[in-house]
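The values are calculated or read from the model by the stated rules, or taken from the named source; none is laboratory data. The structure displayed is predicted, hence computed values, not measured ones. Because the Cβ atoms are built from the backbone with ideal geometry, glycine has one as well, and the counts that use them run over all protein chains shown.
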Amino acid sequence: QTIRHAIRELMEQFGKIDPLDFDRWYPFCEDRAHSWSLARNDPRVPPEVGAGDCAVEVLSRDSVYTKFYALKEYTLRHRRFDGSMSPTLERALFVNRDAAMVLPYDPKTDRILLIEQFRMGAFGRGDKMPWLYEPIAGMVDLGETPIETARREAQEEAGLKDLDLIPMFDGYPSPGGSTTYFHFYLGLCDLSGDFGPSGGLAGEGEDIQTHVMSFQEAFDMVRAGSCRVLPLTTALLLLAHYRNGDLVSEA
């Protein structure tokens, strides 16, 4: 089903992009199809009578853009809470891959590691400072589990190899028009050593600055409103609740 989903997405671009570019963009279709498969096979979301696909009638779907990301336009109807069907709706959808995120934390020194990098979303919005403090993060590739992605990205972006990864939360940051889904982990590790000032993969155009700071310094950023990446804010608020509790002490 995953491969069929990827091929269907690519074929929707027939006549829109050069066929010679199919090999270039098909791996991204596979990765997005893998995220689709993760959603379809999530055991925490049981099938319900009258829910899911059975309650949505897709009248048309058009792939407007399919490269690193995808943009689709849907015409559909869905079941309303009173049992009737909605009017015909036109909706645009930004199709992204699932992402794994890690907040490295040293419970012995009460320090965390953050990364800083240029972010196109902030720049495109008009942000005067599009370099943002963030957790370690990366897209879940085909064949990977989210926790495997978290380990890979921790090594690529910060050189961290030995982490005890604890699931913190997962979910949709903006479900109204995006498929983006985050899998967030707390990464218990040793941050007492020296860390290089930069990381990331040059082949992917990454230019990353690493920052090791006390938990209090990071939490003060949240209080001051200067932490503008919401998954990081959520993680720091949860860590503030758990750092003296069972989540960290038992790990």
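Looking only at residues that are acidic (Asp, Glu) and touching a strand residue (DSSP E or B) at 6+ places or on another chain (Cβ under 7 Å) in region 92-129, which one is surrounded by the most Cβ atoms within 10 Å (Cβ to Cβ)?
Checking each candidate, the answer is Asp98.
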Notebook entry, point to check: List, please: which pairs have Cβ atoms under 6 Å, are six or more places apart or on different chains, and start with a residue in region 231-251 that is at pLDDT below 85 and end with one that is aliphatic (A, V, I, L, M)?
Noted result: Ala251/Ile166; Ala251/Leu188
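Within region 149-172, does at least one residue satisfy the condition of being assigned to a helix (DSSP H, G or I), of a type in the set (Gly, Ala, Ser) and either under 17 Å from the mean Cα position of the chain (by Cα) or outside the structural domain of Leu237 (by TED's automatic domain parsing) (or both)?
Yes, the conditions are met somewhere in region 149-172.
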Next item on the list: For region 78-105, name all the residues that are over 18 Å from Ser178 (Cα atoms), part of a strand (DSSP E or B) and among the charged types (D, E, K, R).
Entry: Arg79
